[in-house]
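Written out below as structure tokens is the structure these notes cover.
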Amino acid sequence: MQTPGTPDLLPKLVIVPAGITSNIDLSSKRADAVVAYFRSQGVNPEIISVKRFGGTHPVASNDTQADRAKNRRIEITVQETGTSGA
């Protein structure tokens, strides 16, 4: 808050989660956490594949907090045995 007639004495802060340097880094950490969970539940890691998109595949604009929340997601696709995800 600034009092009229006085300089703003509070520094401008930018909060960055520790160890997260970019959207792709955040995407990677989120995807890795999901893979770790599946593995902990006994899912064979040989059948898990991961694609990390960072901010390159938004499903909504980033204009509002609600839209940004929609873009923080994990998408899971289940395929039949022997099919390719390509």
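The values are calculated or read from the model by the stated rules, or taken from the named source; none is laboratory data. Quick caveat: nothing in here was measured; it's all calculated off a predicted structure. We place every Cβ from the backbone using ideal geometry, glycine too, and count neighbours over all the protein chains shown.
Of all the numbered requirements in (1) loosely packed, with under 10 Cβ neighbours inside 10 Å; (2) at pLDDT 85 or above; (3) in a loop (DSSP other than H, G, I, E, B), residue 81 misses one, and that requirement is (2). Give the residue that is surrounded by the fewest Cβ atoms within 10 Å (Cβ to Cβ), with candidates limited to residues of the range 37-59 that are more than 17 Å from residue 27 (Cβ to Cβ) and of a type in the set (A, V, I, L, M). The qualifying residue surrounded by the fewest Cβ atoms within 10 Å (Cβ to Cβ) is 47. The set of residues in the range 60-72 being assigned to a loop (DSSP other than H, G, I, E, B) and within 13 Å of the chain's Cα centre (by Cα) consists of 72 alone. When the range 16-48 is filtered for residues that are part of a loop (DSSP other than H, G, I, E, B) and either on the phi > 0 side of the Ramachandran plot or of a type outside the set (Val, Ile, Thr) (or both), the ones remaining, listed by number, are 17, 18, 19, 22, 41, 42, 44. Filtering the range 51-86 to residues that are more than 21 Å from residue 21 (Cβ to Cβ) and either among the polar types (S, T, N, Q) or in contact (Cβ under 8 Å) with a residue 40 or more places away in the chain (or both) leaves 61, 64, 65, 76, 77, 79, 81, 83, 84. Residue by residue through the range 23-50, note down the ones that are free of Cβ contacts under 8 Å to residues at least 24 places away in the same chain, closer than 20 Å to residue 79 by Cα and under 17 Å from the mean Cα position of the chain (by Cα). Scanning the range 23-50 gives 32, 35, 36, 37, 50.
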